[in-house]
Amino acid sequence: MPTCAPGDKVLDVAERVGPGGLCAVTVDGVVLGLLEGDALGQTAATAEDAMAPAPSTFRPSVPRQELVGFFDDHGLDHALLTTPDGRLVGLVRRADLV
């Protein structure tokens with residue numbers, strides 16, 4: 001899962017993750033936000049200005065069916081996995097669970 005700092009330019013992040021990519025905005029490994037979709041097109045902005053703050057996160061121990069249910073209920077196809085203190089563990093995609 002790519003990461004960037006809040007002060008990183010979106011232009012630089014977008015070049016690293018490519019079209020359709022995702023990037024977690026972190027400070028010392030703690031997730032602050034997520035850059036994806038249209039946010040990656042805001043090339044003059046910083047990651048902090050363009051990110052979606054406080055994305056939904058789950059612990060790695062959450063049962064598979066609970067995650068799939070959340071994805072279905074919210075029309076999502078991915079979520080971040082974090083530790084209880086918000087440190088990024090990785091990304092889980094719906095396609096990997098079904």
- Task: Averaging sequence separations of C-alpha pairs under 8 Å and six or more residues apart, then dividing by the length of the chain, give the relative contact order as a whole percent.
- Result: 24 percent
- Pseudo-spin-label distance Val98 to Asp49, built 7 Å along Cα→Cβ, given in nm, is 3.8 nm
- Task: Among Gly33, Gly86, Gly20, determine the one that fluctuates most according to a GNM of the chain built with springs between C-alpha atoms less than 10 Å apart.
- Result: Gly20
- For the chain, what does -39500 (n - 2.57) per DSSP helix run (n ≥ 4), summed and divided by total residues, give at 222 nm, in deg cm²/dmol to the nearest 500? -6500 deg cm²/dmol
- Check: the chain dipole with +1 on Lys, Arg Cβ and -1 on Asp, Glu Cβ, in debye: 280 debye
- Task: Work from the charge dipole of the chain (Cβ charges, +1 for Lys and Arg, -1 for Asp and Glu, about the Cα centre) and give the residue of Ala50, Gly75, Leu11 farthest towards its positive end.
- Result: Gly75
- Taking the chain as a Gaussian network, Cα atoms linked when under 10 Å apart, which of Leu11, Leu88, Leu80 shows the biggest mean-square fluctuation? Leu11
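Just so you know, all these numbers are worked out from the coordinates, no wet-lab data involved. Remember, predicted model here, so these are calculated numbers, not experimental data. Counting neighbours? That spans all protein chains shown, and the Cβs are built from the backbone with ideal geometry, glycine included.
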